[in-house]
Amino acid sequence: MYTEKVMDHFMHPRNVGEIENASGVGTVGNAKCGDIMRIYLDIDENQVVRDAKFKTFGCGAAIATSSMATEMIIGKTIQEALEVTNKAVMEALGGLPPVKVHCSLLAEQAVHAALWDYAKKNNIVIEGLKPPVNDVDELDHDGEEE
Ligand code: FES
């Protein structure tokens, strides 16, 4: 049911933890399953993501996608990080079962929420970034499911 990559990131998640005095922190939940994800970003003066950490109270797919999403955004500019979609994360993991697609939205949205927090703290606008949702259930699911 799960690819080897998903299992690897679930069993050995990268970047678990917190960042003290993070540049931005984003927390997003999914009211349907009760899962919650928090992403911490350390962003340098050139607006490059120096480090990213996560804490996920959630299912295996949520843990694997948060692990992969943090791997994918480290070293990227904030604009590039914004473009790391849940689809890109799923592709990097070799896919997720259809019922687990929504779990990957938690990772995408938690990154967006952390970028939003960073933008707010620094009084900047990140082009294309929408105000974060608290619950991914409020989103349209890209027609992937439901
Ligand atoms: Fe809730 Fe996966 S079942 S995030």
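The values are calculated or read from the model by the stated rules, or taken from the named source; none is laboratory data. Just so we're clear, the structure is a prediction, and the values are computed from it rather than from any experiment. FYI the Cβ positions are ideal-geometry reconstructions off the backbone, even for glycines, and counts take in every protein chain you see. Protein only, heavy atoms only, side chains kept; ligands, DNA and RNA dropped before computing areas. Shrake-Rupley method; radii C 1.70, N 1.55, O 1.52, S 1.80 Å.
How large a share of the accessible area of segment 3-79, in percent, is made up of carbon and sulfur atoms when the probe is 1.4 Å and the other protein chains stay in place? The nonpolar share, carbon plus sulfur, comes to 52 percent. Cross-link partners of K87 among lysines, defined as those whose alpha carbon lies under 17 angstrom from its own and excluding same-chain residues fewer than eight positions apart: K5, K100. Taking K130, K55, K32 in turn, the Gaussian network model of the chain (Cα-Cα springs below 10 Å) assigns the largest fluctuation to K32. For GluC sites (Glu not before Pro), the sites in segment 33-111 that DSSP calls loop and that have at most 13 other Cβ atoms within 10 Å are E45, E83.
Quotient of the Cα radius of gyration of segment 66-146 and 2.2 N^0.38 Å, N being its number of residues: 1.09. Projecting the Cα atoms of M1, L96, P13 onto the charge dipole of the chain, computed from C-beta unit charges around the Cα centre, puts P13 farthest toward the positive end.
For the chain, the solvent-accessible area works out to 51 Å² per residue, with a probe of 1.4 Å and every protein chain left in place. One quarter of the convex hull surface built on the alpha carbon atoms of segment 1-130 amounts to 7.2 nm², the projected area averaged over directions. Placing dummy labels 7 Å off each Cα toward the beta-carbon, the span from M11 to K120 is 3.9 nm. Under the criterion of Cα pairs below 8 Å and six or more residues apart, the relative contact order for segment 37-141 equals 25 percent.
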